[in-house]
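Worksheet for the structure shown next.
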Amino acid sequence: MNPNRHPGAVSDFEEYVRTRHEALLRSARRLVGDPLAAQDLLQTALLGAYHRWGHIADKQLADAYLRRVMINTRTQWWRAKKVEELPIDHLPDASVEDSTEQYADRALLIDMMKTLTPQQRNVVVLRHWEQMSNDETATALGIAPGTVRSTLHRALARLRRELQHCDPDLASTPATCSVSPPVGRRAR
């Protein structure tokens, strides 16, 4: 089905883009570092979704569909890049930022997330990574907002215990053990 032939589908797609644009752009920014490339990635995904909008039976899964399209598009872009090496006589002195600790922290967090139940993982990801509100998370998971709050509370407590178990020195300083959203984000 071509959305151009069905005015209702076009307005439905336009409304979807208006309401979900910011969340989808955040997802695109996580996939590619450059903000302009993230906008290009999202626009490419939206164009593909526009042409397939009539084939998406469950519009509640449109976010997941668009994220998959963005991942596939980013992979295609990555494969299409040609790395050309140019020999030079002298290597410039350049310092490289050591992000080993950041990767280690990320790996530790991923390992600790595996200790959570699937519902706890889903709530933590939707609330802290996707920046959804309690009500949005509840709707997405088909549970009550109160269940979201209690599940999130238990999940964060579990992550704190796991962190203290991995590094007992943190047990003496509870303030450093709090699991909070990444810097620059706010919890709703």
Notebook entry, point to check: Within the stretch 125-158, can you find the residues that are of a type in the set (V, I, T) and under 24 Å from K59 (Cα atoms)?
Noted result: V125, T137, T139, I143, V148
Margin query: Among the residues in the stretch 98-111, are any free of Cβ contacts under 8 Å to residues at least 40 places away in the same chain, open to solvent by 70 Å² or more (accessible area, probe 1.4 Å) and not in a helix (DSSP H, G or I)?
Written below: yes
Check: Is it fair to say L25 is touching a helix residue (DSSP H, G or I) at 6+ places or on another chain (Cβ under 6 Å), under 19 Å from S133 (Cβ atoms) and modelled with pLDDT of 90 or more?
Finding: yes
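Give the residues of the stretch 112-144 that are among the small types (G, A, S) and buried (at least 18 other Cβ atoms within 10 Å of the Cβ), sorted by residue number.
A138
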Item checked: Filter result for Y65 (among the hydroxyl-bearing types (S, T, Y), exposed (fewer than 12 other Cβ atoms within 10 Å of the Cβ) and assigned to a helix (DSSP H, G or I)) -> no
Item checked: Residues of the stretch 51-68 classified as in contact with a helix residue (DSSP H, G or I) (Cβ under 6 Å, 6 or more places away or on another chain) and among the aromatic types (F, W, Y), total -> 1
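The values are calculated or read from the model by the stated rules, or taken from the named source; none is laboratory data. Values in this document were obtained by computation on a predicted structure and should not be read as measured data. Here the Cβ is made from the backbone with ideal geometry for all residues, glycine too, and neighbour counts use every protein chain on show. Areas reflect the complete protein model, heavy atoms only, side chains present, ligands, DNA and RNA absent. Shrake-Rupley method; radii C 1.70, N 1.55, O 1.52, S 1.80 Å.
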